[in-house]
Amino acid sequence: MAYKSATALQEKVNRLMSRTAGKPVLKPNKPLVLKGEVANRKMRRGEATCITEMSLLMACWKKTEFNNTVCSSEITTFYKCVEKAQIEARSKTAQQSSQGGRLVPKQANTLLKRFPSIKNEY
């Protein structure tokens, strides 16, 4: 199935680049081949969670001169928020890995080295 779609795409590219209908529709300035590697960029981190709970906890500590017993309710709400955020992050990463998601640049480079582009056809 993937081979059929690849040949159909190749036929479409050849048709768009052909000179039978006058001048070509597509005029690539670079060869239509994947490079051997991708840029080694860092993945973006997610946004910070539980900031309001943390700020309430720190304000309570500041008021009570860092006494944990007085601020126990703020501590428990902060830890509950952290647990909830960790569970959401785990489910999000599991969902992304099951859907395919994006590859880390290092993984993409190893795949491109394992399966290089065929350059003699172009």
When segment 48-69 is checked residue by residue, the ones that are hydrophobic (A, V, I, L, M, F, W, C) and surrounded by 14 or more Cβ atoms within 10 Å (Cβ to Cβ) are 50, 54, 56, 57, 58, 60, 61
Could you please tell me which pairs satisfy a Cβ distance under 6 Å, a separation of 6+ or placement on different chains, a first residue in segment 1-25 that is open to solvent by 50 Å² or more (accessible area, probe 1.4 Å) and of a type in the set (A, V, I, L, M), and a second residue that is modelled with pLDDT under 75 and assigned to a helix (DSSP H, G or I)?
25/16
Restricting to segment 44-61, count the residues that are without any contact (Cβ under 8 Å) to a residue 12 or more places away in the chain and farther than 22 Å from residue 87 by Cα.
3
Members of segment 87-109 found to be at pLDDT 85 or above and either assigned to a loop (DSSP other than H, G, I, E, B) or open to solvent by 70 Å² or more (accessible area, probe 1.4 Å) (or both), listed by number:
87, 88, 90, 106, 107
Could you list all residues from segment 56-86 that are aromatic (Phe, Trp, Tyr) and not in a helix (DSSP H, G or I)?
66
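The values are calculated or read from the model by the stated rules, or taken from the named source; none is laboratory data. Note that the structure is predicted; figures quoted are calculated from it, not measured. Don't worry about glycine lacking a Cβ; one is built from the backbone with ideal geometry, like all the others, and counts go over all protein chains shown. These accessible areas exclude ligands, DNA and RNA; they are computed on the full protein's heavy atoms, side chains included. Shrake-Rupley method; radii C 1.70, N 1.55, O 1.52, S 1.80 Å.
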